[in-house]
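So the structure is just underneath, and the comments pick up after that.
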Amino acid sequence: GSLERQALILGSVLAGMAGGIYPLKTGYLGPESAFGLDVVLAPVLAVFLGGQGTKWGPVLGACVVVLVQELLLVHFPRSNLLLFGLFLMISGLRRVK
C-alpha cells in the first residue's frame, strides 16, 4: 500500500544520496567499489548470521559483518577477502546444521 511505497521511496532517496556523496569522499569510483564480492556478499552474510525472518537479526548480523570486515582489513590487509570468504563459508555451514 501507500506506507510500503513511502518506505521504498525514502530508502531509495537515502541510497541515492549516499551514492552521490561516496565518490566525493573517496575521490575515485570504480566497479569494484560497488560490485566487489565483499560488497555484494556482506548483506547475505548479515542475514545468515542474524537469522531470517527476525526483526533485529539482520541488523545484529550486519554489525558483526562490519566488525569482522574491519578487523580483517586492519590485521590482514592482503588476505582480507580470502578470510572473509572463509567466514562466509563457516557461517553457511553453521546455518545448514
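How large is the Kirkwood hydrodynamic radius of the stretch 57-97, counting all unique pairs of alpha carbons, in Å?
Evaluated on the stretch 57-97, it is 10.7 Å.
To the nearest 20 debye, what charge dipole does the chain have about its Cα centre, counting +1 at the Cβ of each Lys and Arg and -1 at the Cβ of each Asp and Glu?
Using Cβ point charges on Lys, Arg, Asp and Glu, the chain gives about 260 debye.
Between Ser12, Ser79, Ser33, which gets the highest mean-square fluctuation from a Gaussian network model of the chain, Cα cutoff 10 Å?
Ser12
What percentages, rounded to whole numbers, describe P(r) for the chain computed over all alpha carbon pairs with 5 Å bin width beginning at zero?
2, 11, 15, 19, 21, 15, 10, 4, 1, 0
Per residue, what volume in Å³ does the Cα convex hull of the stretch 1-43 take up?
That works out to 79 Å³ per residue.
What are the equivalent ellipsoid semi-axes of the stretch 22-77, built from the alpha-carbon gyration tensor (square roots of five times its eigenvalues), in whole angstrom, biggest first?
24, 14, 10
Can you tell me which of Val39, Val66, Val13 moves the most in a GNM of the chain? Springs connect C-alpha atoms under 10 Å apart.
Of the options given, Val13 has the highest mean-square fluctuation.
Give me the 1.4 Å probe accessible area per residue for the chain, excluding ligands and nucleic acids, in Å².
78
Among Val64, Ile9, Thr54, whose Cα lies farthest out toward the positive end of the dipole of the chain, if unit charges sit on the beta carbon of Lys, Arg (+1) and Asp, Glu (-1)?
After comparing all options, I get Thr54.
Taking chymotrypsin sites (Phe, Trp or Tyr not before Pro) as candidate sites, keep only those in a DSSP loop with at most 11 other Cβ atoms within 10 Å, then name the longest stretch of the chain containing none of them.
The segment 57-97 is the longest one with no such site.
How high is the relative contact order of the chain, given as a whole-number percent (alpha carbon pairs under 8 Å, six or more residues apart)?
Normalised by residue count, the contact order of the chain is 18 percent.
Most fluctuating residue of Leu41, Leu14, Leu72 in a GNM of the chain with Cα springs under 10 Å: which is it?
Leu14
Can you tell me the length gained on complete extension of the stretch Ser79 to Leu37, counting 0.36 nm per residue apart and subtracting the Cα distance?
13.8 nm
Express in nm, to one decimal, how much length is gained between Ser2 and Tyr28 on full extension, taking 0.36 nm for each residue of separation and deducting their alpha carbon distance.
Taking Ser2 through Tyr28 to full extension adds about 5.6 nm, to one decimal.
The values are calculated or read from the model by the stated rules, or taken from the named source; none is laboratory data. Please read these numbers as outputs of a predicted model, since none were measured by experiment. Here the Cβ is made from the backbone with ideal geometry for all residues, glycine too, and neighbour counts use every protein chain on show. Keep in mind that these areas ignore ligands, DNA and RNA; they rest on the heavy atoms of the full protein, side chains included. Shrake-Rupley method; radii C 1.70, N 1.55, O 1.52, S 1.80 Å.
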